[in-house]
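To keep things clear, I will list the structure first and then write my remarks on it.
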Amino acid sequence: MTTLLLVIGALIVAAIAVVLILAARKPSHFSIQRTMRMNAPPERIFPLINDVHNFIKWSPFEKDPNMKRIFSGPSAGVGMIYDFDGNRQVGAGRVEITESIPNSKIVMKLDMDRPFTARNIVTFTLAPIAGGTEVTWQMAGPQPFMAKVMSTIIDCDKMVGGEFDKGLAGMHAMATA
């Protein structure tokens, strides 16, 4: 019995060591992005992003009906700020538009405070194509060691990217309605 417990303990220690070694080899920055072709011109899509009041209508991260929302700064574009505080699924943080190029690109600073601290950059690019627009949603930022460990165990690209896919689909539905 003691030998079995020692073997199980050694296997657990070895598994933890493997995860830590794999995590240490991961890059110190991450990037997740998804792209969708939308059957709408950029001028129909741009306001859905450039005015963060519209996020409530299409963003998959607006899951908490009791979420507290505070909007400040201009009504759209550079300087518009959206503070949110929601349940465990949503968390708490702030989005601020830092760059806005009409019908082309919007850059936002995303500062998460809960469920974990993160300081990321979110970029939406709109590229005109035949019959519509190609919209890319990207999030990038530093990946500290604990995030590296988490991404070794959980496929964060698949998890967050899946939410981006849902959001882009919601945005497409609004732009083509």
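Looking at the stretch 1-113, the strands (runs of 3 or more DSSP E) lying wholly inside it that each contain 2 or more residues that are under 25 Å from Met146 (Cβ atoms) sit at 29-38, 81-85, 92-101. Across the stretch 114-128, the qualifying residues are those that are outside any strand (DSSP E or B) and not hydrophobic (A, V, I, L, M, F, W, C), and the one among them that is surrounded by the fewest Cβ atoms within 10 Å (Cβ to Cβ) is Thr117.
Restricting attention to the stretch 129-173, which residues are outside any helix (DSSP H, G or I), touching a residue at least 40 places away in the same chain (Cβ under 8 Å) and farther than 19 Å from Pro115 by Cβ? If the condition is that a residue be outside any helix (DSSP H, G or I), touching a residue at least 40 places away in the same chain (Cβ under 8 Å) and farther than 19 Å from Pro115 by Cβ, then Ile129, Gly131, Gly132, Thr133, Glu134, Val135, Thr136, Trp137, Gln138, Ala140 are the ones that fit. The residues of the stretch 138-177 that are aliphatic (A, V, I, L, M), in contact with a strand residue (DSSP E or B) (Cβ under 8 Å, 6 or more places away or on another chain) and over 16 Å from Ile121 (Cβ atoms), listed by number, are Leu168, Ala169, Met171, Ala175. Residue check: is Phe61 within 19 Å of the chain's Cα centre (by Cα) and more than 24 Å from Asn87 (Cβ to Cβ)? No. Of all residues in the stretch 4-52, those satisfying the criterion of being over 17 Å from the mean Cα position of the chain (by Cα) and at pLDDT 85 or above are Arg37, Met38, Asn39, Ala40, Pro41, Pro42, Glu43, Arg44, Ile45, Phe46, Pro47, Asp51. Selection of first residues in the stretch 114-128 that are of a type in the set (A, V, I, L, M) and of second residues that are loosely packed, with under 15 Cβ neighbours inside 10 Å and at pLDDT 95 or above, restricted to Cβ pairs under 6 Å at least 6 apart or on distinct chains, gives the following pairs, ordered by first then second residue: Leu126/Ser104; Ala127/Glu134.
The values are calculated or read from the model by the stated rules, or taken from the named source; none is laboratory data. Note that this is a predicted model, so its numbers are computed, not measured. Every residue, glycine among them, receives a Cβ derived from its backbone with ideal geometry; neighbour counts consider all protein chains shown.
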